[in-house]
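Below you'll find the structure, written out as structure tokens, and then a few comments.
The values are calculated or read from the model by the stated rules, or taken from the named source; none is laboratory data. In this text, all values refer to a predicted model and were calculated from it rather than measured experimentally. With ideal geometry, Cβ positions are generated from the backbone for all residues, glycine too; neighbour counts draw on all protein chains shown.
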Amino acid sequence: MPIVPVFDLDGTLLDSDAALVAPFVALGVREEDVSFGALLADECARLGVTVDDYLARYDATASLPFAGVEQLVSELDRWAVCSNKHRHSGRAELARLGWKPDVALFADAFGGPKQLGPVLDALDLDADDVLFVGDTDHDRHCAIAVGCRFAVATWNPRTSAQDGDIILRTPTDVLELLG
């Protein structure tokens, strides 16, 4: 059975840092105070803004795929998204880009931070059957929690690899890895 890649969305497939920060800045938060990888509700609470105010200012057209991601996605037969992103903006971005993963689960599907278990269940696959590609320590821990392989998307300049990570320099490296 071929390995199915599961991707984080923000910072992995999408170069979305500026788009994620902009609503906070518009609400008076200093750019340097914003962190990445947390649930939106948690980050909003930490920074003293409401999720509704944030979402009202979020531009779902501002995030662009990293170079090479469009080619990667177009060549995949089966793939999934596992993201802490709010469902509304995540689905809007997938639709805008014309991307149709087999499964796309967002923060509302997990009852807390993202986790791969529900994605594996929806795909009807075991951990050995997937590769999780992400950009944060949380992504790495998600993979470890279910026992699947983790590949770090080092095409994102703020990503750092750790011992044991599969290092991906470009999105198309995923295709080579999958064989």
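Computed quantities for the displayed model
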read-out: Answer residue from the range 12-35, given it is within 27 Å of ARG149 (Cα to Cα) and modelled with pLDDT of 95 or more and is surrounded by the most Cβ atoms within 10 Å (Cβ to Cβ) among those; value: LEU13
read-out: So VAL25, is it over 17 Å from the mean Cα position of the chain (by Cα), among the aliphatic types (A, V, I, L, M), outside the structural domain of LYS100 (by TED's automatic domain parsing) and not in a helix (DSSP H, G or I); value: no
read-out: Selection count, the range 36-58, where residues are surrounded by fewer than 13 Cβ atoms within 10 Å (Cβ to Cβ) and not in a helix (DSSP H, G or I); value: 2
